[in-house]
Every structure is written in structure tokens, then in C-alpha cells.
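> Below are the C-alpha cells for one structure; questions will follow.
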Amino acid sequence: MHAGPALAALLLTVALSTSASAEAATVQTERIQVTPKEAPADTTQIPSDALETPAAAPEPGTAASGAYGAQPLNLPEVKYGDADLPKAVARTRAQLLEAAHAGDLDRFRMVLEGNEMMPTLSFGETDDPIEFIKASSGDGEGLEVMAILTELLETGYVHADQGTAQEMYIWPYFSRIPLARLTREQKVEMYRVVTSGDLADMEATGAWTFYRVGIGPDGTLHYFVAGD
């Protein structure tokens, strides 16, 4: 039995409809490559000094000074003789040396009394300066103390506190320099004045406590004293 024209047309219509539906159901896709974003650059800045070699320990003769690093430890200039002394200071020094070398305590008294005020010889009370010198001297006559005075005034000195009311020429210079900073040569010079036992005691207290002499710029003898 042959299909009629109407049936053939119907079958063709169904076939075309089925083909269109199949094409509509097929969706063409395309793979999209997504390129990952690069990680943001690290903009943290590292201080250049953090990359440098750590600073070395301060050199001898320097002292740490907080955030500013090591700063020089300024030691006073040491001078000898009287070439750089003011005339009034040199005159007083010469008078003291003359009396001390001679062991002449009467002459020494004259130098002391040449001041407007009696210089400091002790941190306690003293009635008569010469009797105090004798009592302080191992020989009982004051000659040991006079010998010490000559040794002090023949060492180097420092010019301290310049431009202030406390300006002074001070003997011996090692009374104003940290004991640990003295050179070997300076220590030899120091041992002309003190013993190693004296030095050990002073290192324990951290200060020079042996005799020292202070003369003002106008030639006034301010002190010849031991102790602290």
C-alpha cells in the first residue's frame, strides 16, 4: 500500500521538525582560558642600613651615646712645665716648688697666707695649716707631704672647666682622667706618686682620692688636699 501525497507530506514535516529540535538542543561551547592575575608586587621597603654589616663595638676612647651611636670620649689635654701657664699660675707653682724642695714649712706658710682665703688642706677642720701638714706626714715633720707636693707639681697638669667660675689648673693630670684610660707610660708616671695599693683603693671607689693641687687662673691656690 502506497502512502498518499498527504501522508508523505506529513512524514516530511515530522522529519524536518525533529532535525531542527536536535540542532536546537546542541549548544556550541568554547573553552575560555582565564589567565591568573599576577600576585601584587611586594612594595615593602627594607631600610638600607638593615642590610649592612652590624656596627662594631665602640673603639677605645669612645662612649656610647644612645641613638646617636658611639661618640668620642674627650680626654683633657695634658701639659707639662710652665710654658703654657698664665704668669700668675706659674709664679704660685714656682713658690710652692721652692718651699717644698727646701722642706721649708715657714716659706710654705707664706704661700698659703698669700691667698685672700686659706686654701683647702682638709675636708675637716684645721686650726693651724702647718701643724696639720706635720700631723698628716709619716715623718711627723711635714717633709713627706712636701715631697709629695714636689712630685705632684712636676707631673703633667690639665686646664679644667675653662671659661667657668670653676676654671682651674690641676696637678696631677691623672686625677682628672679615668684611671682605666691611662696608658702604660702614664701609669709609670702615676706610680711615682702613689703605690699599687693606693691605686687599688681608688679603683674600688672609682675616683682619685690621693693628693692633688688646684690653682686658679689668677694664681690663687685653691687646694692642696687628699680624700674625697
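The values are calculated or read from the model by the stated rules, or taken from the named source; none is laboratory data. These figures come from a predicted structure and were not determined experimentally. For neighbour counting, all protein chains shown are included, and Cβ atoms are generated from backbone atoms with ideal geometry for every residue, glycine included. Ligands, DNA and RNA are stripped out before the accessible areas are found, and what is left, the full protein with its side chains, is counted by its heavy atoms. Shrake-Rupley method; radii C 1.70, N 1.55, O 1.52, S 1.80 Å.
> Does any residue in the stretch 85-100 that is in contact (Cβ under 8 Å) with a residue 60 or more places away in the chain and under 16 Å from MET168 (Cα atoms) come within less than 6 Å, Cβ to Cβ, of a residue that is of a type in the set (D, E, K, R) and open to solvent by 20 Å² or more (accessible area, probe 1.4 Å) six or more places away or on a different chain, and which pairs are these?
ALA88/ASP218
> Provide a single number: the residues in the stretch 128-168 that are out of contact with any helix residue (DSSP H, G or I) (no Cβ under 7 Å at 6 or more places or on another chain) and free of Cβ contacts under 8 Å to residues at least 40 places away in the same chain. Step through it out loud before you land on a result.
Looking only at the stretch 128-168, we keep the residues that are out of contact with any helix residue (DSSP H, G or I) (no Cβ under 7 Å at 6 or more places or on another chain), and these are 128, 131-132, 134-135, 139, 143-144, 147-148, 151-152, 154, 159-168.
Subsequent filtering for residues that are free of Cβ contacts under 8 Å to residues at least 40 places away in the same chain retains 128, 131-132, 134-135, 139, 144, 161-166.
Counting residues in the stretch 128-168 that are out of contact with any helix residue (DSSP H, G or I) (no Cβ under 7 Å at 6 or more places or on another chain) and free of Cβ contacts under 8 Å to residues at least 40 places away in the same chain gives 13.
> Would you mention how many residues in the stretch 57-102 are modelled with pLDDT of 95 or more and not in a loop (DSSP other than H, G, I, E, B)?
Residues in the stretch 57-102 being modelled with pLDDT of 95 or more and not in a loop (DSSP other than H, G, I, E, B): 17 in total.
> A further question follows. How about the stretch 141-221: which helices (runs of 4 or more DSSP H) wholly inside it have at least 3 residues that are farther than 26 Å from GLY103 by Cα and either touching a strand residue (DSSP E or B) at 6+ places or on another chain (Cβ under 8 Å) or open to solvent by 10 Å² or more (accessible area, probe 1.4 Å) (or both)?
On the way: elements: 143-153, 184-190, 196-205.
Per the criteria, 184-190, 196-205.
> Which ones in the stretch 108-140 are of a type in the set (A, V, I, L, M) and surrounded by 17 or more Cβ atoms within 10 Å (Cβ to Cβ)? Even if it seems obvious, please write down each step before you answer.
Here is the first cut: in the stretch 108-140, the ones of a type in the set (A, V, I, L, M) are 110-112, 117-118, 121, 130, 133, 135.
Selection gives VAL111, LEU112, LEU121, ILE133.
> Does GLU203 satisfy the criteria of being farther than 14 Å from ARG93 by Cα and charged (D, E, K, R)?
Working: farther than 14 Å from ARG93 by Cα: yes; charged (D, E, K, R): yes.
Against the criterion (farther than 14 Å from ARG93 by Cα and charged (D, E, K, R)), GLU203 qualifies.
> List every residue pair whose Cβ atoms lie under 7 Å apart, where the two residues are 6 or more positions apart in sequence or sit on different chains, the first residue falls within the stretch 169-191 and is under 27 Å from PRO86 (Cα atoms) and free of Cβ contacts under 8 Å to residues at least 60 places away in the same chain, and the second residue, located anywhere, is assigned to a helix (DSSP H, G or I) and open to solvent by 20 Å² or more (accessible area, probe 1.4 Å).
Note: pairs meeting the criteria are PHE174/GLN186.
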